[in-house]
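Okay, structure first, notes after.
The values are calculated or read from the model by the stated rules, or taken from the named source; none is laboratory data. These numbers come from a predicted model, not from an experiment. Positions of Cβ are generated from backbone atoms using ideal geometry, with glycine treated the same way; all protein chains shown enter the neighbour counts. The protein model used for the area step is the full one, side chains on, heavy atoms only, and it has no ligands, DNA or RNA in it. Shrake-Rupley method; radii C 1.70, N 1.55, O 1.52, S 1.80 Å.
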Amino acid sequence: MSRPASIVGMGQVTLDVHAWHMPPYPLSAGGTVVNVLAWLVQSGWRAELLARLGCDPAGDVVSEELADLGVNTQGIQRDAAVATAVTVQEYAGLEPRFSQQCPHCGATLPDVADPALPERVPETPTVFFFDRDSSTALQLAAHYRAAGSLVVYEPNYAGPEVPLMACLALTQVLRCSAAAVPGLAEAASEVPLVIETLGGQGLRWRERGQAWQHVAVVRHEPIRDTAGCGDALTAALLQARHEGAEWATALERAVELAARAAQHEGARGGMHRTPRRGGPAVFCATCRTAEN
């Protein structure tokens, strides 16, 4: 019997706070890489996450939920010198809004701490996925691409400090948002497969610099929350490709799953997990200090 597909991921790992609810707030492990791994675990993949979290309550919540989801957490580094990153989702719907401000006291919440190269590098996976540039991500992308893994890059930022050309040179599948990183898809002409999401206009894609092809948006009412729909799309695309589908067919399936995910609240809509809940002291050091 062949081994199941596998994925190793690293990038923007956060504690997500769903602040459109009243406290105690629903809390979940979040970030594109987390959502993609969680969806693929549901499809039978083996998944391992590489990340650096603080030795704090937020890191506890993230680590525990990842384990509950079936993601291998051996690659998570717990470091007392950093705080676990937090993202606050202030609104759910067609245009979800996010911030890094505590919804209780307004304090700025921590950003992501990039992990160091792990002592134990996971064995070669089917896919290596990263959504945030770092020296570790680039080292692993080069290592795994040379070993035969499919390297997938999904940035949500491409400012001047990002080593973009180095990232793209290692990338075999690029998925980006026209709204978040305008112009990136056009600049990535050497990437074998480029997918650019266009919001309500669907997406466009091209293989090896050929002409763009469009896939129309699919809508299933009611739409409750579009957060994480792109992550569902990526996971469905990789699953369909693993099953042998051509990219065009895989993208059609992926758009369908993304649309259905929008019918549910939360970035992993449709998994039907009861979220953990907590007050601001779980994720905000200022509030935690005030309580003590």
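Principal-axis analysis of the Cα atoms of the chain puts helix 32-42 at an angle of about 70° to the longest axis. Comparing Cα centroids, region 1-74 and region 185-221 end up 27 angstrom apart. Annotation: average projected area of the chain is 15.0 square nanometres, based on the convex hull of Cα atoms across all directions.
Relative to the current alpha-carbon distance between E190 and A67, full extension at 0.36 nm per residue lengthens the span by 40.6 nm.
Against the chain, whose longest principal axis is taken from its Cα atoms, helix 135-147 shows a tilt of about 40°. Calculate how steeply helix 247-261 sits against the longest principal axis of the alpha-carbon atoms of the chain, using the helix alpha-carbon long axis, and give the answer as 0 to 90 degrees to the nearest 10. Helix 247-261 sits at roughly 30 degrees to that axis. Note on the chain: with neighbouring protein chains present and a 1.4 Å probe, carbon and sulfur make up 50 percent of its accessible heavy-atom surface.
Is the C-alpha gyration tensor of region 19-79 telling us rounded, prolate or oblate? Criteria: a/c under 1.5 is rounded; beyond that, a/b larger than b/c is prolate, otherwise oblate. Judged from the Cα gyration tensor, region 19-79 comes out oblate (a/c at least 1.5, b/c at or above a/b).
Summed over the residues of region 1-58 and divided among them, the accessible surface reaches 32 Å² per residue at a probe radius of 1.4 Å. The convex hull around the C-alpha trace of region 101-183, projected and averaged over every direction, spans 7.3 square nanometres. How high is the relative contact order of the chain, given as a whole-number percent (alpha carbon pairs under 8 Å, six or more residues apart)? 18 percent. Within region 48-114, the ratio Rg/Rh, alpha carbon atoms throughout and Rh by Kirkwood, equals 1.02. Among the chymotrypsin sites (Phe, Trp or Tyr not before Pro) in region 1-55, none is located in a DSSP loop while being surrounded by at most 14 other Cβ atoms within 10 Å of its own Cβ.
Considering only alpha-carbon pairs that sit under 8 angstrom and 6 or more positions apart, the relative contact order computed for region 1-68 is 39 percent.
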